[in-house]
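Just so it is clear, none of the values below were taken in a lab; they were calculated from the coordinates. Just so we're clear, the structure is a prediction, and the values are computed from it rather than from any experiment. Virtual Cβ from ideal backbone geometry, glycine too; neighbours counted across all protein chains shown.
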Amino acid sequence: MSAVFQGYEQDYGVLTADITNRIGKIPKLAGEEKKQMVMNVEKQLEEAKELLEQMDLEVREIPAQSRGMYSNRMRSYKQEMSKLEADFKRSRIAYSDEVRNELLGDDGNSSESQLIKLREERAHLLDNTERLDRSSRRLEAGYQIAVETEQIGQNILENLNQDREKIQRARERLRETDTNLGKSSRILTGMLRRIIQNRLLVFVLGIIILITIILAIYFSFRGH
């Protein structure tokens, strides 16, 4: 299991390194070239997220006693992913000196008010990006809690199902035992009845034999 996880880790490391490199290049680009780079990074970020999901699934399959180390690494990777996304958002609205001069004019005598306005707009966009990033992290944390809650619920349901099966098996054994006890009770009752009958028969035979002996003795003395 850990070998599979390590394979995903290696792929994730290579991918995030490439993403970081491309994010650093975005502010230096313009036009179609920048648009293409942004699309490539978006695609790579999706691939990185899918890798994280696969890694998360692998961690859940690892025995509980060994899961702690991998869970800590997953938290670090998720924090790294959040930082990459934040850097990517900032890079999309950031401009290099060359691009900024192109926007404001190459002669260097552009209006100061235009530069101030551009900076204000950039600050506003960065502020919005930070707020979106915080909201995204809260949503991710909420999703994680929901996933963990669902997992706990599934474990509880599995335990309840196991307990129900045990109770049903115990009930079946009790029914079988009760049936066997009923049969045994009837057999014992019949045997006891036969014993009583036999004893009564022996008692009656004993009385008859005793009376016969007494009569024989009586008639014997009377004949003399």
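Could you pull out every one of the lysines with an alpha carbon less than 22 Å from that of K28, ignoring same-chain neighbours closer than 8 positions?
K43, K83, K89, K117
According to a simple spin-label model (label point 7 Å from Cα along Cα-to-Cβ), what is the distance in nm between L15 and R67?
2.3 nm
As an exercise, find the ratio Rg/Rh for the stretch 165-206 from alpha-carbon atoms, using the Kirkwood inverse-distance average for Rh.
Values: Rg = 18.1 Å, Rh = 12.5 Å.
For the stretch 165-206, the value is 1.44.
How big is the stretch 1-64 by the Kirkwood estimate over distinct Cα pairs, in Å?
Values: mean 1/r = 0.0767 Å⁻¹.
Hydrodynamic radius (Kirkwood, Cα only) of the stretch 1-64 equals 13.0 Å.
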